[in-house]
Amino acid sequence: MDKYYIKFILRNRLNFITYCFLIFFFLIILRFFYIQILQNTYYSTQALDNSIKVVPIKPARGLIFDRNNIILADNKLSYDLEIIPEQIENLSILITRLSDLIPIKTSDIDKYKRILKNKQYNNTVPIKTNLTNEELAKFVTNSYKFPNIELKETLKRFYPEGEVGVHYLGYINRISKKDLITLEKEGKKKNYIGTDHIGKAGVEFQYENELHGVSGYKHIEVNATGKPVRTIKNFPAREGENIHLTIDLKMQKIAEKEFKNRKGALIALDPSNGEILAYVSMPTYNPGFFVDGISHKNWNQLNKSPDKPLLDRVINGLYPPGSTLKPFVAVAGLENQLRLPPFKINDPGYFYISDDSRRFKDWKIGGHGEVDIVKAIAVSCDTFFYGLAIELGIPKLNKTLANFGFGMKTGVDLPNEKLGLIADAKWKKKKYRKNWYAGETAITGIGQGYTQVTPIQLALATSKIAYPNKSMVPHIKLNSQQLKQTANLTPPISISDKTIEWVKEGMENVTEDGGTAAFIGKTTSYKMAAKTGTAQVFGLKKGEVYEEEKLPDHLKDHALFIAYAPASKPEIAIAIIVENGGHGGSTAGPIAKKIFDYYLTSKNRK
Amino acid sequence: MNLTTIQNYIFQKLDRPLFGAITLILTIGLINLISANHQDVSNSLSHTINIFIGIVFLFMICNSQTRNILVFAPWAYSLTLFLLIYVNLYGIESHGAQRWINLGIFNLQPSEILKITLPLMLAWFYQKCTFNINYKVHFVAGLLIFLPLYLVAIQPDLGTSLLILFGGLTVIFLAGLPTRFIIISFFGLLISSPFIWNTLLNYQKERILSLIDPLSDPYGAGYQSIQSIIAVGHGGIFGRGWLNGEQTSLQFLPETATDFVFSVFSEEFGFFGVLSVITIYVFIFYRCMWMATKMQDTFSRLLVAGLTISLFISLTVNIGMISGLLPVVGVPLPFFSYGGSSMVVSLTSIGIIMNLYSNKSLIAN
């Protein structure tokens, strides 16, 4: 093939292609002529009279049940009046007209304005929610007078148990602008086009993906004002999953009742598998407040209350563990070959590091006399643990505490768990730019000082004493495959059998004669192993004496209590903190007993 | 250097009629985009920036050495292949397809770059074999098309891959593929089409079916197509006026800034507006094809024709789509649609065409 031949072919074919395109352009122009000029009237009426609009269908949110199928979060049918704000020329006139028919309160208007601020594009905004049957009938007969108001049937979240268990259950709220940004980043925005609400706390937040479901959509014909004429095609939504929790609602209610008006936290779990049976943070609040957007007044009340009802004390409350830390300090000692029985000390009622240092007092004036490690746990002997902590040193002690899960997240399937704190010299240097004192080591041994724990950490650590060879993650969703896998990844702590035996004996003796919670042991039909604790809320100045009666309530000591039962084959473990409750055994102990009685006395169980 | 020499230097190689027509189209497109974006100014602003960057590219390419373009061809092609592999692995997903690479300040769409680098590679390749073009050469050229085509198709982006296929095949056709072969492969394709049909994704099938009879499923797959036709038809002779398109403002029209940007234009400026814009496009097309016939060597001829055809396949498919002549495929309208990659690529293509044309006698020697 020579060059000229190629050039010849090319030119021919170039022309051919050019003609093809020109013909196509001509066809396009004909087509536009046909549509725009010949068919103009037809398409203009199509555009003006009826058009098809895609309307999203929101999926019904999954329900939440307790372990015995009692419903905790339900959906209730609600009739709302909604408007598209852009179509309303004068809102106040509309409201006055509507008020003749249906009472519109200022709170309704406030709510409307609040929702309007965070509105998604194109959505309608409710002006009146939860119509009564009477109001519904009135509106339906008069609806022709209000072409711009749309009557909507929606499923509204309803929490039948009200304030019970609000902290783990959480709540849903209207989707905010911030939520929208997050959803967009996660690529989920499309699925939320028809959704107004999103989980904001607790299980409602944690399992949002499962509960929400998948949005559907339908094509509807709308007229020029945007009013739907008829539905043409339906692509139904996929409902959210129903979720069962490990919570035993009956137990939860008993626990909340036992707190009476006191503040604090309680968590009960099955120590063999980590299922959370009761999860109390007091005081509580009503999650229903949030469903339609919480009013400013209610929010301020909740947010600014000194009792902090919004705080989830179980995973976010940080407390000094007090004497409830002693069993774990004991494990640290024994595992490092310190204070192995029959080693005993003679407790004079105080401890000092060296002759010229200050004296560290035992809670019992005059001391406990001859004390070995088992008795030290049973009577909560401070002197014993001051010395043990000093001899162990912080690094070894912290290693064991970390083994029990202190200072780290337990991995519970609830949002924003706090870490707690096990302090050391390096931490103090960074935080306060000061050196660590030996005295701080001593008081760490009795759970004072910098150490901070969450109730769930205490409950997990207690479970690990009950079953040192089981690995588990505390969790609230029943039968979660994912959690089972993570649990298998965390190895059980390795402690010698002998150590566990001694520590268990000490904790069992707490409810025996001479123990700090002996009075509880006398009334139970099963054997309870426990440890009491009292945590100082504020430091006494030198020479001051703690006089409970004289102190204002918020400065009184916290009462703590950890326990598991039956001692021989534990079925339930518990951690309780009663804020400003005074002595652990006498305030928190009876609550634990009530729970255990319910759970372990067969007639109460299902 | 004084101002006039700088001006001379910059504008010397520019083809003024072509550049004038393109400036006109860009201006109309920008005005239209303000309406298509529901008067949201930020998008129109970034469209202006895209145009500016594109024009800078156009000038730079137009004034560079033609030899550089030739030498650059295989490297550009390899780089595009690499980007296409990269986008399939780490690209940004949107509307169920991975098409973009996030480069921080903007998202790059490698399949758009291919609209330049594939014709470039093919032209370079045929130039290398210019004295001995036979079946083997055509076969290798086919492979050069197939490789990137496959990578685009699996994103999945059927629309763009079909455009690339057509663009590439036209270059082979222009390079002198024997007529017998064309006829044989046409029947081959016809026979294998049921098998190809089975490999299509559901939404792609629906779109093609909806074209054959849009009214069979007017509210499913045909929704976009019908809404677009209503908008176009609503425009009438003189249009609804700028910013007055009801179909656009009531948001019945999908993707008003990108794929369906011309529906907005048709509704607001009517048949006369459409006629004017298409006339300008036809002028640009005709001018470019005329330039191709004036070229003296294989490389320039094939490249100019290849680039032009690439651009105008996009254009005809887009306009065919919004007027209901062709199925709904995600293809932008060159010089009109919102989208940085497409704008820069289109203007760069024009830059290359102008460069080759102004140097045509140079290359021949």
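The values are calculated or read from the model by the stated rules, or taken from the named source; none is laboratory data. Source: prediction; values computed, not measured. Ideal geometry is used to build each Cβ from the backbone, glycine not excepted, and the neighbour counts take in all protein chains shown.
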Quick one: which residue in A:G293, A:G349, A:G317 is outside the structural domain of A:K156 (by TED's automatic domain parsing) and under 30 Å from A:W502 (Cα atoms)? A:G349
In this structure, does A:I443 turn out to be modelled with pLDDT under 90, of a type in the set (A, V, I, L, M) and either over 28 Å from A:R339 (Cα atoms) or within 33 Å of the chain's Cα centre (by Cα) (or both)? yes
Which count do you get for residues in the range B:300-309 that are facing another protein chain (nearest Cβ under 7 Å) and of a type outside the set (V, I, T)? 2
Within the range A:452-474, is there a residue that is of a type in the set (V, I, T), assigned to a loop (DSSP other than H, G, I, E, B) and within 30 Å of A:Q337 (Cβ to Cβ)? no
Considering only residues that are basic (K, R) and either surrounded by fewer than 19 Cβ atoms within 10 Å (Cβ to Cβ) or within 14 Å of chain B (Cβ to nearest Cβ) (or both), look in the range A:25-66 and name the one that is nearest to A:I476 (Cα to Cα). A:K53
When residues of the range A:89-119 are limited to those that are β-branched (V, I, T) and surrounded by 12 or more Cβ atoms within 10 Å (Cβ to Cβ), the one modelled with the lowest pLDDT: A:I115
Which count do you get for residues in the range A:497-509 that are surrounded by 24 or more Cβ atoms within 10 Å (Cβ to Cβ) and more than 16 Å from A:P570 (Cα to Cα)? 0
Restricting attention to strands (runs of 3 or more DSSP E) lying wholly within the range A:146-217, give those where 1 or more residues are over 20 Å from A:N130 (Cβ atoms). A:197-199
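Quick one: count up the residues across the range A:11-23 that are surrounded by 15 or more Cβ atoms within 10 Å (Cβ to Cβ) and either more than 7 Å from every other protein chain (Cβ to nearest Cβ) or at pLDDT 90 or above (or both). Step through it out loud before you land on a result.
Taking the range A:11-23 first, the residues surrounded by 15 or more Cβ atoms within 10 Å (Cβ to Cβ) are A:13-14, A:17-18, A:21.
After this cut, where a residue has to be either more than 7 Å from every other protein chain (Cβ to nearest Cβ) or at pLDDT 90 or above (or both) as well, the list is A:17-18, A:21.
Of the residues in that region, 3 qualify.
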Which of the residues spanning the range B:277-294 are surrounded by fewer than 22 Cβ atoms within 10 Å (Cβ to Cβ) and touching a residue at least 40 places away in the same chain (Cβ under 8 Å)? B:I278, B:I280, B:F283, B:R287, B:K294
Given the condition touching a residue at least 12 places away in the same chain (Cβ under 8 Å), in contact with a Lys or Arg (Cβ under 7 Å, 6 or more places away or on another chain) and polar (S, T, N, Q), answer yes or no: does some residue in the range A:487-508 qualify? no
With respect to A:L277, is the statement that it is among the aliphatic types (A, V, I, L, M), modelled with pLDDT of 90 or more, within 16 Å of the chain's Cα centre (by Cα) and over 30 Å from A:I394 (Cβ atoms) true? yes
Those residues that are surrounded by fewer than 24 Cβ atoms within 10 Å (Cβ to Cβ) and over 34 Å from the mean Cα position of the chain (by Cα), I need them from the range A:510-524; list them, please. A:E512, A:D513, A:G514, A:A518, A:F519, A:K522, A:T523
Being more than 30 Å from A:L249 (Cβ to Cβ), away from chain B (no Cβ under 14 Å) and touching a residue at least 12 places away in the same chain (Cβ under 8 Å) narrows A:K233, A:K177 down to just A:K177
Residue among A:P342, A:P327 that is over 22 Å from A:I71 (Cα atoms), buried (at least 20 other Cβ atoms within 10 Å of the Cβ) and either of a type outside the set (K, R) or under 15 Å from the mean Cα position of the chain (by Cα) (or both): A:P327
Name every residue in the range A:196-218 that is in contact (Cβ under 8 Å) with a residue 40 or more places away in the chain and within 28 Å of A:V54 (Cβ to Cβ), in order of residue number. A:D196, A:H197, A:E210, A:L211, A:H212, A:G213, A:V214, A:S215, A:G216, A:Y217, A:K218
Yes/no for A:K428 being surrounded by 15 or more Cβ atoms within 10 Å (Cβ to Cβ), assigned to a loop (DSSP other than H, G, I, E, B) and assigned by TED's automatic domain parsing to the domain that holds A:I465: no
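Among the residues of the range B:342-360, is any more than 10 Å from chain A (Cβ to nearest Cβ) and part of a loop (DSSP other than H, G, I, E, B)?
Yes, the conditions are met somewhere in the range B:342-360.
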State the number of residues belonging to the range A:245-302 that are touching a residue at least 24 places away in the same chain (Cβ under 8 Å) and on the phi > 0 side of the Ramachandran plot. 3
Residues (within 30 Å of A:I181 (Cα to Cα), of a type in the set (S, T, Y) and either surrounded by fewer than 16 Cβ atoms within 10 Å (Cβ to Cβ) or modelled with pLDDT of 80 or more (or both)) located in the range A:120-143: A:Y121, A:T129
